[in-house]
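So the structure is just underneath, and the comments pick up after that.
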Amino acid sequence: MKAVIFAGGVGTRLWPLSRKQSPKQFEKIVGDKSTLQLAAGRLQPDFAWEDLYISTGKKYAETVSNQLPKLPPNHIIGEPVMRDVGPAVGLITALLHKDTPNEPMVILWSDHLVKKEDLFRKILRVAGEVVAEEPEKIVLVSQKARFPSVNLGWISYGKPAFEKENVPFYHFADFQYRPDEETAKRYFSSGHHTWNLGYFVTTPRFLLSQFRTFAPNLYSGLVRIADAWHTDRYQEVLEEVYPTLEKINFDHAILEKLSPSDAYVVSENIEWSDVGAWEALKEALVDSDDKNVTQGEVMLQDTEDSLVYNYGNQLVVAIDCKELLVVNTDDVLLVCRKTSVPKVKKLVENLSGTKHEHLT
């Protein structure tokens, strides 16, 4: 089975650590490894490096190579420009379709944490076996909801379909985008809804057929690029065609149009967390709200439910603080309430065209 890790986002919700020149997936947010290194590492030893691909921006290819030196250089798929997730997933799908059209592939993301790594690898292996037997299917790998989140997408599923090696597979029903609070509470208590992680296992042939059906204009451009794969024209064709592809989210382009009969759902507690925002990172690293999360030279006194990350050289001290986020870098100090994180992205956008644009 092939594994594709997407590592192309900028990650403004983790500003000021995450910047255009060095996005979050390449930074040491948890421990002494980047989240990209953690994502690749949790696949070992089940996936050989020859079976791993990284999808990223062209300008980050060297960074990926430096952080994952065992990865074959031609397995770094560099997008010449950002065209959203739809074209990005379509590109690697079309390339793998040319090489291994019927071999299962798993789509993963670089800015997540998974604590139950053994269970996670088992689910991927078993899902791969299911897809090998049913190559016209897609298996959606999800996380059992821990709370009624309004910041995540949800998957609704129906009755059990079958069980394989103690991993239950359910019939797929529908996707729901980020719900309001009341709806999220209803999903959480229903017993038939689970968090959508964007993880899935399928074959390149099946997924490319979905592009042909639901995004024909995108499909035609992807096929042009794939036809040049493994030739000396590939880079030229990629640079010519990829910037012209429709800018569309993968969920809107493909997943939301899936027939329920084409998909299964696995919903297990793999202790997954999205660390794409500071408040999500805090939730992932502690087991109760009142605890603090720190990194670097930090001293706290009478402080609770706060995250203080210090990437600078000076000591950061917090006294009598509650529900705060403090992130200190060499050139920016961010201080805000935990609930104010959604405003960080807007602030970063407003820096464009100002004397502080270089900080984005």
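The values are calculated or read from the model by the stated rules, or taken from the named source; none is laboratory data. Not measured: the values here are computed from a predicted model. Cβ atoms come from the backbone with ideal geometry, glycine included; neighbour counts cover every protein chain shown.
Remarks
- Complete set of residues in segment 211-242 that are closer than 16 Å to E79 by Cα, part of a helix (DSSP H, G or I) and small (G, A, S): G221, A226
- Hits in segment 152-190 - residues which are within 24 Å of the chain's Cα centre (by Cα), part of a strand (DSSP E or B) and small (G, A, S): S156, A173
- Qualifying residue in segment 89-99 (condition: within 24 Å of S209 (Cβ to Cβ), surrounded by fewer than 20 Cβ atoms within 10 Å (Cβ to Cβ) and in the same structural domain as E236 (by TED's automatic domain parsing)): yes
- Residue check for Y170: touching a residue at least 40 places away in the same chain (Cβ under 8 Å), of a type in the set (S, T, Y), surrounded by 19 or more Cβ atoms within 10 Å (Cβ to Cβ) and farther than 26 Å from D84 by Cα: yes
- Summed over segment 108-151, residues that are closer than 23 Å to I29 by Cα and surrounded by fewer than 18 Cβ atoms within 10 Å (Cβ to Cβ) total 6.
- Test set (1) under 30 Å from A127 (Cα atoms); (2) crowded, with 17+ Cβ neighbours inside 10 Å; (3) in contact with a Lys or Arg (Cβ under 8 Å, 6 or more places away or on another chain) - L307 fails condition number: (1)
- Restricting attention to segment 183-213, the residues that are crowded, with 21+ Cβ neighbours inside 10 Å and among the polar types (S, T, N, Q) total 5.
- Options E271, E349: the member that is in contact (Cβ under 8 Å) with a residue 24 or more places away in the chain, within 22 Å of the chain's Cα centre (by Cα) and on the phi > 0 side of the Ramachandran plot: E271
- Matching entry among F211, F172, F250 (being touching a Leu at 6+ places or on another chain (Cβ under 8 Å) and within 30 Å of E283 (Cα to Cα)): F172
- Verdict on L222 being under 26 Å from the mean Cα position of the chain (by Cα), over 17 Å from P101 (Cα atoms) and assigned by TED's automatic domain parsing to the domain that holds I92: no
- Subset tally (residues that are at pLDDT 95 or above and either surrounded by 16 or more Cβ atoms within 10 Å (Cβ to Cβ) or in contact with a Cys (Cβ under 6 Å, 6 or more places away or on another chain) (or both)) for segment 225-249: 10
- Residue match in segment 308-315 (condition: assigned by TED's automatic domain parsing to the domain that holds D118 and aromatic (F, W, Y)): no
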